[in-house]
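A short reminder: the numbers here are calculations on the coordinates, not readings from a lab. The shown structure was predicted, so the numbers you read here are calculated from the model rather than taken from an experiment. As a convention, Cβ positions derive from the backbone with ideal geometry for all residues, glycine included, and neighbour counts pool all protein chains shown.
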Amino acid sequence: MVNSAPSEEETRTRARTRRAILDAAVKVLGENSAAPLSQVARAAGVARSTLQRYFPERADLTNALGEYADELITEAMHRARTTEGTGLEAFRRLIPEYFALQKVIMLAFGNEEDYTESPEEECGEADLALTALIERGHADGSIDPAISADWMQQFLWAGLYSGWSYVNTGRVSAYEALNLCVLSLVKVVATPSGGRG
């Protein structure tokens with residue numbers, strides 16, 4: 001008997017199921033990292049056996065969350081239309097898109113050692129897009145040329161983390177923290193003369 005390749009519909013169904021499991025894992029494990037996988041399966045609307053077909057071990061699921069975070073970061077970068085407008089305008093659009101990814105980013109990269117990448121490590125599509133928009137901002141005069149793309153990568157995530165932490169302490173709403181992040185990060189990156197962002 002010859003095994004046929006999965007149909008396009010089967011491939012789409014598998015992708016939807018995988019994403020539903022990962023979304024459920026973000027929700028459930030983001031609230032309680034020790035929650036049983038049966039709770040993740042229930043939140044995803046699948047049987048525990050289905051979850052195990054996709055992620056046989058808990059470590060497989062947690063490793064997949066890192067890849068999923070990268071996927072969501074790339075999707076957020078596309079939604080922010082980072083190739084349109086001045087560098088500063090694009091940067092301003094990017095901040096809220098990234099801010100909304102708090103749960104998955106904290107779950108996938110919550111440990112400090114997860115943030116450190118060796119210089120030789122390959123940059124992802126979103127990293128390259130941020131570098132390009134910073135360089136475009138240097139060229140169009142909206143972003144301070146003293147702010148390097150490498151520094152902005154670090155500072156952006158530090159600023160977002162500060163905003164998320166500020167919400168978690170109960171001091172402000174997520175909406176207020178997002179506004180503070182946008183205001184602070186844009187002020188840091190904008191040219192001293194204000195650019196036209």
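Taking every Cα-Cα distance in the chain and sorting them into 5 Å bins from zero, the calculated P(r) comes out as 1, 7, 14, 16, 16, 14, 12, 8, 6, 3, 2, 1, 0, 0, 0 percent. Relative to the longest principal axis of the Cα atoms of the chain, the long axis of helix 174-189 lies at roughly 50 degrees.
Here the spin labels are modelled as points 7 Å beyond Cα on the Cα-Cβ line, and at residue 187 and residue 103 they lie 3.1 nm apart.
Between residue 53 and residue 171, how high is the FRET efficiency from 1/(1 + (r/R0)^6) when r is the Cβ-Cβ distance and R₀ = 45 Å? Nearest 0.05. Working from the Cβ atoms, E equals 0.55.
About the centre of its Cα atoms, the chain shows a dipole size close to 1020 debye [charges on the beta carbon of Lys, Arg (+1) and Asp, Glu (-1) only; nearest 20 debye]. In the chain, helical runs assigned H by DSSP with n ≥ 4 each contribute -39500 (n - 2.57); averaged across all residues and rounded to the nearest 500, the mean residue ellipticity at 222 nm is -22500 deg cm²/dmol.
Along the chain, the exposed loop sites are GluC sites (Glu not before Pro) outside DSSP states H, G, I, E and B with at most 14 other Cβ atoms within 10 Å, and the longest stretch free of them is 123-197.
The angle between the Cα long axis of helix 87-99 and the main principal axis of the chain comes to about 40°, on a 0 to 90 degree scale. A simple charge model with +1 on the Cβ of Lys and Arg, -1 on the Cβ of Asp and Glu and nothing else charged puts the dipole of the range 125-197 at about 300 debye relative to its Cα centre.
In this simple spin-label approximation, residue 179 and residue 151 carry label points 7 Å from Cα along the Cα→Cβ vector, and these lie 2.9 nm apart.
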